[in-house]
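S.K.: I am attaching a structure below and will ask some questions about it afterwards.
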Amino acid sequence: MAKILEKMYSSLTLGGILALVVLFAYHGDVVSTAAYWGPFFTFLHVLSGITWIGLLYYFNLVQIPTMPKVPAELKPAVSKYIAPEALFWFRWSALSTVVTGLIVATLNGYAHEAMTLQPGMTRTIGTGMWLGLIMAFNVWAIIWPNQKKALGIVTVDADAKAKAARVAMLASRTNFVLSIPMLYCMVIARLVG
């Protein structure tokens, strides 16, 4: 077991296998029905969202405030190894969260009402969806292109690198701020509907 847990992809696979065991043990009889797929995609949406927002909080609560304290000789390790890997999971979990969220809203029949901010639960969840879409846009259109420059994945001069790092940080901090009302809307929508 320790050998499996030592490797990230093996651990991820094991978690997936255990989820399949639960799925077939408890819900195998309903997998072929339409009623199963809304909750299933909700599970994928929550899993993706935990990964995305967890990394967003890691960047904003841990990495950004800590980097000025890291000795200069250690900073390349973060820039070369940790940040690119974290940003890989960050951007793809953002996309997965958006896609699965739109699938959930469509399967549950409230996508149009939510996206057009109709009164009731759909307005609240729609506000959360719009905030999530803005945040995902920031990830792909602002944070990632600027992080590639800041981390040296794309070669630019020192001034452009510093500017890109600041733009990426400010966009990430914007997402950090937006995540709070977004999460509030996603959770509270079920209570106000």
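S.K.: From the list T42, T13, exactly one residue is assigned by TED's automatic domain parsing to the domain that holds M186 and at pLDDT 90 or above. Which is it? Break it down stepwise before answering.
M.R.: On the way: T13 fails: assigned by TED's automatic domain parsing to the domain that holds M186.
Answer to the check: T42.
S.K.: Just checking, how many residues over segment 166-192 are touching a residue at least 40 places away in the same chain (Cβ under 8 Å) and either closer than 29 Å to M67 by Cα or of a type in the set (S, T, Y) (or both)?
M.R.: Taking segment 166-192 as the starting set, the residues that turn out to be touching a residue at least 40 places away in the same chain (Cβ under 8 Å) are 169, 172-173, 175-176, 178-179, 181-186, 188-190, 192.
So of that shortlist, the ones also either closer than 29 Å to M67 by Cα or of a type in the set (S, T, Y) (or both) come out as 169, 172-173, 175-176, 178-179, 181-184.
Of the residues in that region, 11 qualify.
S.K.: For residues that are closer than 23 Å to M135 by Cβ, free of Cβ contacts under 8 Å to residues at least 40 places away in the same chain and surrounded by 15 or more Cβ atoms within 10 Å (Cβ to Cβ), tally how many sit in segment 27-57.
M.R.: Count: 3.
S.K.: Quick check on L61: is it surrounded by fewer than 14 Cβ atoms within 10 Å (Cβ to Cβ), hydrophobic (A, V, I, L, M, F, W, C) and either under 18 Å from the mean Cα position of the chain (by Cα) or not in a helix (DSSP H, G or I) (or both)? Can you show your working first?
M.R.: Values: surrounded by fewer than 14 Cβ atoms within 10 Å (Cβ to Cβ): yes; hydrophobic (A, V, I, L, M, F, W, C): yes; either under 18 Å from the mean Cα position of the chain (by Cα) or not in a helix (DSSP H, G or I) (or both): yes.
In short, yes.
S.K.: Against the definition (outside the structural domain of V177 (by TED's automatic domain parsing) and either free of Cβ contacts under 8 Å to residues at least 40 places away in the same chain or not acidic (D, E) (or both)), how does F24 come out, yes or no? Break it down into steps so the answer makes sense when it comes.
M.R.: Numbers: outside the structural domain of V177 (by TED's automatic domain parsing): yes; either free of Cβ contacts under 8 Å to residues at least 40 places away in the same chain or not acidic (D, E) (or both): yes.
In short, yes.
The values are calculated or read from the model by the stated rules, or taken from the named source; none is laboratory data. Model, not experiment: these values are computed from the prediction. Don't worry about glycine lacking a Cβ; one is built from the backbone with ideal geometry, like all the others, and counts go over all protein chains shown.
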